[in-house]
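Asker: Below you will find the structure I want to go over with you.
The values are calculated or read from the model by the stated rules, or taken from the named source; none is laboratory data. The shown structure was predicted, so the numbers you read here are calculated from the model rather than taken from an experiment. All Cβ positions, even for glycine, are placed from backbone atoms using ideal geometry, and neighbour counts span all protein chains on display.
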Amino acid sequence: MKLKDLDIIITAPPAPGWGGRYWILVKLTTDTGITGWGECYASSIGPDAMRSVIEDVFARHMAGQSPENIELMFRRAYSSGFTQRPDLTVMGAFSGLEIACWDILGKARNRPVWALMGGRMNDRIRAYTYLYPLPHHDMNEFWTSPDMAAECALVMVEKGYTAVKFDPAGPYTMRGGHMPAMADISLSVAFCKAIREAVGDRADLLFGTHGQFSTGGAIRLGKALEPYSPLWFEEPVPPDNLGAMARVANAVSIPVATGERLTTKAEFAPVLREGAATILQPALGRSGGIWETRKIATLAEVYNAQMAPHLYAGPVEWAANIQLGVSIPNILMAETIETPFHDALIKGTIRVEDGFIMAPEAPGLGLEIDENLARAHPYTGDGLHLEMRDAPCDYVDGNSFAGGAPPKQD
């Protein structure tokens, strides 16, 4: 069995577009006719440029190989171009292709992916959800409304979720490393207070920042949030400064989480070594794929750290995250995005049930893909999957982070 054909589908989730402006799905077919699906979580270059990278990585390092040769293909993609260091774009391409190889291997053996890499450690995976506007909420007001966030959190808890994530500290700016406005700290405290009062101890609070603050600013914010006992403080400083992140981790009582923008064990190992975080959040469509992230989980186990796979993408990456989570002992929880489009794209083959995802039993990733639906929603815009604004923090009129990069409303 050899890898033969590659197809790439760039699909755009309809408005409001939670999960990013587009998802890059890859479909591999072997010379024996078995197909496998993967997803490349790539946001740093546009989809047309990424398509060319994916095609090159496949043709150069994977075509004609057995899908079993995961380690060999990884080493080729990681090292052959005189790199032998993390490259976010190349590894983003490889990650999705690697996930598709595991889907093929599971289908060829009629077993789920988790059965091929250590077996079932967990019968179910705890899910968490970001707080998105409810149908009756004003889309613009929601992001700065503690009351709306609390209302949404209670709805999610009633559905069975035991953890909710939110990030009111804004702004989402390419400048990074700024001192938060006092108004941003006060708003963040108001969010935590309102949500904690709404859900009590029925759910953990997950506080996100997207790496926006200076070291001192992150410590100020973290100290203000401590009375509400969030389960984590996500990316309190830019992810390229582990020393600063470690100083934040040592200064606040809230566990620090990081990893959605990192790739391969080469970037995750220093996080653990420096004591920068105790919760790792790899996105498997970027972190090197399933096997490489299994290695990251093993490193985390040595440092008594936990795994919480990140998801701001489509359901194929989610399925890979779940397969990993089923097989490892140090899974904390996995991010989940529930929209009709996510569900329809995989024909409801994996779902959240009372706040948990049951270990899939179907072969491979456990998915049935609606390929026609994916092709019927092509991406035609010119934006990136995620974008950070140019403007700096607004210390006069306040700031708002509007939940990622949703498409323009009609």
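Asker: Report yes if some residue within the stretch 304-314 is at pLDDT below 95 and aromatic (Phe, Trp, Tyr); otherwise report no.
Answerer: no
Asker: Mind checking which residues of the stretch 37-57 are assigned to a helix (DSSP H, G or I) and within 14 Å of Leu25 (Cα to Cα)? If you could, list the steps in order and put the result at the bottom.
Answerer: Pass one, the stretch 37-57, residues assigned to a helix (DSSP H, G or I): 47-57.
The answer is Pro47, Asp48, Met50, Arg51, Ser52, Val53, Ile54, Glu55.
Asker: Is there any pair linking a residue in the stretch 27-52 that is in contact (Cβ under 8 Å) with a residue 40 or more places away in the chain and closer than 16 Å to Glu368 by Cβ to one that is in a helix (DSSP H, G or I) and not hydrophobic (A, V, I, L, M, F, W, C), with Cβ under 6 Å and at least six apart or on different chains, and which?
Answerer: That search, which allows pairs on different chains as well, returns Ile34/Lys107; Gly36/Asp103; Trp37/Asp103; Gly38/Gly96; Glu39/Gly96; Glu39/Glu317.
Asker: Give the stretch 272-285 a look and list any residue that's assigned to a loop (DSSP other than H, G, I, E, B), out of contact with any Leu (no Cβ under 6 Å at 6 or more places or on another chain) and either among the hydroxyl-bearing types (Ser, Thr, Tyr) or surrounded by fewer than 21 Cβ atoms within 10 Å (Cβ to Cβ) (or both), or say none. Don't jump to the end; show me each part of the working.
Answerer: Step one: filter the stretch 272-285 for residues assigned to a loop (DSSP other than H, G, I, E, B), giving 274-278, 281-285.
Checking which are out of contact with any Leu (no Cβ under 6 Å at 6 or more places or on another chain) leaves us with 275, 277-278, 281-285.
Selection gives Gly275, Thr278.
Asker: For the stretch 128-184, name all the residues that are part of a loop (DSSP other than H, G, I, E, B) and over 27 Å from Pro239 (Cβ atoms).
Answerer: From the stretch 128-184, those part of a loop (DSSP other than H, G, I, E, B) are 131-141, 145, 159-162, 167-172, 174-177, 179-181; that's our starting set.
Within the stretch 128-184, Pro133, Leu134, Pro135, His136, His137, Asp138, Met139, Asn140, Glu141, Ser145, Lys159, Gly160 qualify.
Conditions tested, residue by residue: (1) more than 24 Å from Pro360 (Cβ to Cβ); (2) modelled with pLDDT under 95.
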| site | (1), (2) |
| --- | --- |
| Leu72 | yes, no |
| Tyr78 | yes, no |
| Leu97 | no, no |
| Ile104 | no, no |
| Ala108 | no, no |
| Ala127 | no, no |
| Asp138 | yes, yes |
| Pro146 | yes, no |
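Asker: Okay, next question. Which one is farthest from Met245 (Cα to Cα), of the residues in the stretch 162-193 that are of a type in the set (Ser, Thr, Tyr) and in contact with a Lys or Arg (Cβ under 9 Å, 6 or more places away or on another chain)?
Answerer: The extreme case among them is Thr162.
Asker: Continuing with the same structure: Among the residues of the stretch 182-225, count how many are within 30 Å of Asp354 (Cβ to Cβ) and among the aliphatic types (A, V, I, L, M).
Answerer: Residues that pass the stated criteria total 9.
Asker: Which one is nearest to the chain's Cα centre (by Cα), of the residues in the stretch 286-309 that are part of a helix (DSSP H, G or I) and small (Gly, Ala, Ser)?
Answerer: Only one residue fits best here, namely Ala297.
Asker: Is it the case that the stretch 77-90 has a residue that's within 25 Å of Ala334 (Cα to Cα) and crowded, with 22+ Cβ neighbours inside 10 Å?
Answerer: Within the stretch 77-90, not a single residue is within 25 Å of Ala334 (Cα to Cα) and crowded, with 22+ Cβ neighbours inside 10 Å.
Asker: While we're here: If we scan the stretch 60-67, do we find a residue that is in a helix (DSSP H, G or I) and surrounded by fewer than 24 Cβ atoms within 10 Å (Cβ to Cβ)?
Answerer: For the stretch 60-67, residues in a helix (DSSP H, G or I) and surrounded by fewer than 24 Cβ atoms within 10 Å (Cβ to Cβ): present.
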